[in-house]
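Notes follow the structure.
The values are calculated or read from the model by the stated rules, or taken from the named source; none is laboratory data. The structure displayed is predicted, hence computed values, not measured ones. Heads up, the Cβs are rebuilt from the backbone with ideal geometry, glycines too, and the neighbour counts pull from every protein chain shown.
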């Protein structure tokens, strides 16, 4: 049985995701996601985050918009 994680799989009560939850959704490591957030991954736009102290949170709507942007860029490269 294959399990896929989607944005809708996480509780809808919160409008933000932790770094771990975000990494799970985009199927990458937290380290790679941190590099994306810092703008260190060539060809990918920075993912906007909300900083609360040392904690990084990603707004659901910002993640959805970022994914659409990345998808558009990917299609243009084909």
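Kindly indicate the residue of region 1-24 that is part of a helix (DSSP H, G or I) and at pLDDT 95 or above and also surrounded by the most Cβ atoms within 10 Å (Cβ to Cβ) among those meeting that condition.
22
If residue 72 satisfies all but one of (1) without any contact (Cβ under 8 Å) to a residue 12 or more places away in the chain; (2) exposed (fewer than 14 other Cβ atoms within 10 Å of the Cβ); (3) within 21 Å of residue 16 (Cβ to Cβ), what's the number of the condition it fails?
Here residue 72 clears every test but (3).
Please determine, by comparing only the residues of region 43-69 that are crowded, with 16+ Cβ neighbours inside 10 Å and assigned to a helix (DSSP H, G or I), which one is nearest to the chain's Cα centre (by Cα).
Top of the filtered list is 63.
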